[in-house]
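Worksheet for the structure shown next.
Only the coordinates and a few stated rules stand behind these numbers; no lab work does. As the structure is a computational prediction, the values presented were derived from the model and not from experiment. FYI the Cβ positions are ideal-geometry reconstructions off the backbone, even for glycines, and counts take in every protein chain you see.
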Amino acid sequence: MENSKKIFYFGILVTVLIFASIQIYFHLFPSNDENDLLFKKVRSKTIRSIIQRKSIDYSNHGATYIIYGNDSLPTHTGWNEKIQIGDSIIKAKGALKLIIKNNWKIDTLDYESNVDEVLSTNF
């Protein structure tokens, strides 16, 4: 009976160590696969337009978007203060940087520098 308890606790210890090792590995080496499709879609667009409105898709975990012309782009939550309705947006094809211009300032927002937040690809 004593031997089976040792085996049981040893099995629990091994399971916890394996689980902790996996968590540490993915924390130290995060995968960026989630954003690859987003980056591909954003790179394929050439944009020279004016932001008509901002939108929140509550059916998609509160994803935020900017609407311009007949198209839209997902935005990071930290960008909401920087983007206003009526701002000009410019993005070259193949780039991941979005230039926001208004009467007072010019901001550059980079999709690649915000890889911690996974954005929607339904746009």
Explain nothing, just compute: Karplus ³J(HN,Hα) = 6.51 cos²θ - 1.76 cosθ + 1.60, θ = phi - 60°, for every residue of the stretch 14-22 in order, whole Hz, x for Gly and Pro.
4, 4, 5, 5, 5, 4, 5, 5, 5
Counting Lys and Arg as +1 and Asp and Glu as -1, what is the net charge of the other residues whose Cβ lies under 15 Å from the Cβ of LEU73?
+4
Honestly the stretch 33-110 on the Cα gyration tensor test (a ≥ b ≥ c root eigenvalues; a/c under 1.5 rounded, otherwise a/b vs b/c for prolate or oblate) is just oblate
Which residues' amide hydrogens lie under 5 Å from the amide hydrogen of SER49, considering only partners 5 or more residues apart or on another chain, with H built in the peptide plane?
ILE89
Residues with beta-carbon under 10 Å from that of GLY94, excluding GLY94: net charge, scoring Lys, Arg +1 and Asp, Glu -1?
+4
